[in-house]
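Have a look at the structure below before the remarks.
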Amino acid sequence: MKQNILILLASFFITFSCSVDNKSNDISDENVISLWHLTSASGGISGVNDQFSLGIIGWVFDDENGTVTIENNNSDSGKEDGLDSGTYNYSIIETETASFIIVDGIELGELLFTSNNFFEINQNETSTGPAADGYIYTFQRTFVNIEE
């Protein structure tokens with residue numbers, strides 16, 4: 001099953017925003033994708049703190065076409081896991097102080113890169129000001145070699 005997920009995601013071979021710096025020299029850029037794994041969702045009215053293993057929920061961004069493909073294999077309906085599987089249009093709003101991500105016309109929240117391999121979407125911060133009771137989604141990047 002995990003191999004099927006990787007094959008599906010590997011078919012969308014575009015990286016998101018950061019260059020691929022930390023891979024071995026024998027793999028060319030066009031054979032590697034950045035796979036962003038949702039690793040946690042916290043906050044909300046009930047104060048959830050849901051954790052996910054790598055490979056359960058993956059996002060692959062295609063900057064050229066402005067789409068994000070999500071493979072959501074969370075089977076626990078009690079966990080907050082964001083968006084369902086599918087391909088969505090996305091864009092980024094840049095202000096003087098922050099960046100915000102829009103998915104299918106809906107602003108999800110502030111986009112914050114905490115390191116080269118981690119980012120967060122904070123629904124409590126929007127381009128129009130603070131919000132309440134939103135979630136904070138944390139993502140971790142891995143690299144997938146799509147060449148056999």
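Couple of notes before you dig in:
- The range 38-148: C-alpha gyration tensor shape, a/c 1.5 cut-off, then a/b vs b/c: oblate
- At R0 = 41 Å, FRET efficiency that the Cβ-Cβ distance of residue 106 and residue 31 yields, to 0.05: 0.80
- Relative to the current alpha-carbon distance between residue 118 and residue 79, full extension at 0.36 nm per residue lengthens the span by 12.0 nm.
Here, each number is a calculation from the coordinates, and none is a lab measurement. What you see is a predicted model; the values in this text were computed from it and never measured. A quick note on method: Cβ atoms are made from the backbone with ideal geometry, for glycine too, and the neighbour counts reach across all protein chains shown.
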